[in-house]
Amino acid sequence: MYTDNEILFPHYVIPSLRNIRGEEWAKLIDRLAKLPESSDEVIAFMSMMIGLNGCLPCETDSYRAMRGCGACAQQTLRRYKGSDEELIEKFKTELEGIREFAIENPALPIQLSE
């Protein structure tokens, strides 16, 4: 009855978002898909998607959750009214915050990229 769903936006959904937006978005997804889950860039992207999708209040018996995280994320990105540039800027802002957090908490296994 229930599809695979997670509590928060999962790493394995990232590649399925490649063709939802434009060329710059696809390039970002291609880069992220090659990185490990502990990469600062992947964590920043996942955090951005958690905010966009509204993952925190999602209930496991909600319609969104029953459809699965991938379908929810795809729908969110299709409905997003801003440009790809705005989405990528959101990602960059999130990345700055994750990098600051990782520097302040060196014991955490967050891999900083260059």
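The values are calculated or read from the model by the stated rules, or taken from the named source; none is laboratory data. This one's a predicted model, so the numbers in the text were calculated from it and none came from an experiment. Please note: Cβ atoms are built from the backbone with ideal geometry, for glycine as well, and neighbour counts cover all protein chains shown.
Would you mind stating whether Arg67 is touching a residue at least 60 places away in the same chain (Cβ under 8 Å), surrounded by fewer than 16 Cβ atoms within 10 Å (Cβ to Cβ) and among the charged types (D, E, K, R)?
yes
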Go through the range 71-93 residue by residue and tally those that are in contact (Cβ under 8 Å) with a residue 60 or more places away in the chain and under 14 Å from Met46 (Cα atoms).
-> 5
Spans of helices (runs of 4 or more DSSP H) in the range 58-114 with at least 2 residues over 16 Å from the mean Cα position of the chain (by Cα) and more than 14 Å from Phe9 (Cβ to Cβ) = 63-67, 84-104
Can you tell me which residue in the range 74-114 is nearest to Arg18 (Cα to Cα), limited to those that are loosely packed, with under 10 Cβ neighbours inside 10 Å and basic (Lys, Arg)?
-> Arg78
Cβ pairs under 7 Å, 6+ apart, first in the range 36-64 and more than 23 Å from Gln111 (Cβ to Cβ), second in a helix (DSSP H, G or I) and at pLDDT 80 or above | Leu52/Thr76; Asn53/Cys72; Asn53/Ala73; Asn53/Thr76; Leu56/Ile50; Arg64/Cys72
Restricting the range 38-57 to residues that are outside any helix (DSSP H, G or I) and at pLDDT 95 or above, the residue that is nearest to Lys90 (Cα to Cα) = Ser39
